[in-house]
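> Here you go, one structure.
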Amino acid sequence: MTDLVAEIKKRLTSGDEIARKLFQRDLHEAIASTETPKETAIRLSLYPLQAAAARIGHDLRIFQTLDAQGPQTLKELQDLTGAHPLTLGRLLRYMASVGLILENSTGVFDANSKCRHLAAPEANIIVTHFFENCGPLFQEMPAFLRKNSYQDVTDGKATIFQPAYHTELDTYTYFSQNPENLTALIKYMGLEQDVRGRWLREYPFEGQTGNWNPTSEEALFVDIGGNVGHYCALFKGQFPNIPGRIVLEDLPGTLSHALPTPGVEKIGHDFFQPQPIKGAKFYHLGWILHNWSDEKAKVILQQIKSAMMPQSVLLINDMILPERGAPAFATALDLVMLGACGSLERTEAQWKDLLGAVGLSINNAVVYDQASFHGLISATLTSDN
């Protein structure tokens, strides 16, 4: 048995991320196959409580304390947190029972591997975002879909979000008026920048601009809805010698917080309105279209297409779901978009249909992160435009 466990751990620490995740899935399936129907139902039904316990653990800094200071008695943790000893003891007992922390002996708690993972700053950010910004959606989803006969959700002002958060506001307006939710989202998106920035290595910018001789007015790179300018800064840093203007576009309120990157222009722009920069070499949409239904996405794309010239390329940095066998995290985000925005994550076939409907053709589509199916699509005007 010891050799078997050692072999399993070896495979789980494989340097091949895709193989590791596939093996994890197989192990989970093998374990689940040994459960009784009752055990499966209970396990799934009580998962939300584990997420709640993790959120509480972060609020009370239980994970960070055990990771940094070692074993702690209930009394010591009560002194640190100020929580009532009976309530705290019940919480710690539950955390230990589901493996979030270790119970060394009666009333003495310590860190285990899950606790150490949850003590990491990024874990706090992830748990906070999904618990606060997605948890209510998951709770409301069955009732909402049942009430609406499981029809498609495409109106951003009539999604699961409104009853889940007891508001008539759309997601974006609600977040703008609720700083805690907005801060949780911004911090989570910051974690994603490292992965989502890989697309810059997947496109042959230098090869595609070898004969590019722009005038002083011509733009090289326009980041549409580019938030505070992370992608512009990355592009400028990676390709400092390619000539042409680099332009960051977003709403004026967002641009007021933009990064002070030398050489990056800032233009206030609503992407539902006509694109002000005509004939740019590259237009970029980074994680924009997955926030919008096909109907709204076509409006955004049409505004960009109207500004494009034959040499222009639209780069879409977004998820490209496989037609089958999509991983759980990707499909979960798809349902988050359904609930929050009335939108979706798209397969390559769906991207092709969406772009084709506005007169754009896909030149290439590459998945640059196989774990989460983050991808880059390059599209140009169709030949009949």
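> By the gyration tensor of its Cα atoms, with a ≥ b ≥ c the square roots of the eigenvalues, what is the shape of the chain: rounded for a/c under 1.5, prolate for a/b over b/c, or oblate?
Taking the square roots of the gyration eigenvalues as a ≥ b ≥ c, the chain is prolate.
> Related question: Given the peptides 144-151, 338-345, 257-264, arrange them by the average over their residues of other C-beta atoms within 10 Å, most packed first. Spell out each step's value before the answer.
Values: 144-151: 10.8, 338-345: 23.0, 257-264: 13.0.
Ranking the peptides 144-151, 338-345, 257-264 by packing returns 338-345, 257-264, 144-151.
> Helix 328-341 versus the longest principal axis of the chain: what angle, 0 to 90°, nearest 10, using Cα atoms?
70
> Please name whichever of ALA120, PHE63, LEU88 sits farthest to the positive end of the charge dipole of region 62-127, dipole taken about the Cα centre and charges placed at Cβ: Lys and Arg +1, Asp and Glu -1.
Positive-most Cα among the choices belongs to LEU88.
> Taking all protein chains as present, what is the carbon and sulfur share of the accessible area of the chain, in % to the nearest whole number, probe 1.4 Å?
Working: 11260 of 20510 Å².
Of the solvent-accessible surface of the chain, carbon and sulfur hold 55 percent.
> Continuing with this model, one more query. What number, rounded to the nearest 500 deg cm²/dmol, is the helix-based mean residue ellipticity at 222 nm of the chain, given -39500 (n - 2.57) per DSSP H run of at least four residues and division by all its residues? Intermediate results must be reported in sequence, preceding the final value.
Numbers: 19 runs with 194 residues, N = 385.
Per the formula, -15000 deg cm²/dmol.
> If a/c stays under 1.5 just call it rounded; otherwise compare a/b with b/c (prolate if a/b is bigger, oblate if not). Do that for region 337-385, with a ≥ b ≥ c from the square roots of the Cα gyration tensor eigenvalues.
Values: a/c = 3.39, a/b = 1.38, b/c = 2.45.
Oblate shape, in that a/c is at least 1.5 and b/c is the bigger or equal ratio.
> To the nearest 10 degrees, how steep is helix 179-196 against the longest Cα principal axis of the chain, on a 0 to 90 scale?
70
> So how strong a dipole does the chain carry about its Cα centre when Lys and Arg Cβ are +1 and Asp and Glu Cβ are -1, to the nearest 20 debye? Present the calculation step by step, with values, prior to reporting the outcome.
On the way: 33 positive and 43 negative charges, 82 e Å.
My answer is approximately 400 debye.
> What is the helix-to-structure angle for 2-12, meaning the angle in degrees between its Cα long axis and the longest Cα principal axis of the chain, kept from 0 to 90 and rounded to the nearest 10?
20
> Given a 1.4 angstrom probe, what's the average accessible area per residue across region 35-167, in square angstrom?
Details: 7630 Å² over 133 residues.
Normalised by residue count, the accessible surface of region 35-167 is 57 Å².
> At a Förster radius of 41 Å, what calculated FRET efficiency corresponds to the Cβ-Cβ distance of ASP3 and LEU335, to the nearest 0.05?
Values: r = 40 Å, r/R0 = 0.98.
With R0 = 41 Å, the Cβ-Cβ based efficiency is 0.50.
> Rounded, prolate or oblate: pick one for region 244-372, where a ≥ b ≥ c are the square roots of the eigenvalues of its C-alpha gyration tensor, a/c under 1.5 means rounded, and failing that, prolate if a/b is larger than b/c, else oblate.
On the way: a/c = 1.75, a/b = 1.44, b/c = 1.21.
It is prolate, given that a/c is not under 1.5 and a/b is the larger ratio.
> I've got another one for you. Measure up LYS305/LYS352; LYS187/LYS236; LYS157/LYS305; LYS296/LYS352 against 19 Å on the Cα-Cα distance and list the ones that go over.
Those over the limit are LYS187/LYS236; LYS157/LYS305.
> Just to make sure I understand: if all protein chains stay in place, what is the order of ASP353, ASP170 by accessible area at 1.4 Å, largest first? Walk me through the intermediate numbers first.
Working: ASP353 110, ASP170 30 Å².
If we order ASP353, ASP170 from most to least accessible, we get ASP353, ASP170.
> Per 0.36 nm of contour for each residue apart, how much would the distance between SER113 and GLU217 grow if the chain were fully extended, relative to their Cα-Cα spacing?
Numbers: separation 104, 0.36 × 104 = 37.44 nm, distance 5.56 nm.
Here the segment from SER113 to GLU217 would lengthen by 31.9 nm.
The values are calculated or read from the model by the stated rules, or taken from the named source; none is laboratory data. All values derive from a computational prediction rather than experimental measurement. FYI the Cβ positions are ideal-geometry reconstructions off the backbone, even for glycines, and counts take in every protein chain you see. What goes into the accessible areas is simple: the full protein's heavy atoms, side chains included, and nothing from ligands, DNA or RNA. Shrake-Rupley method; radii C 1.70, N 1.55, O 1.52, S 1.80 Å.
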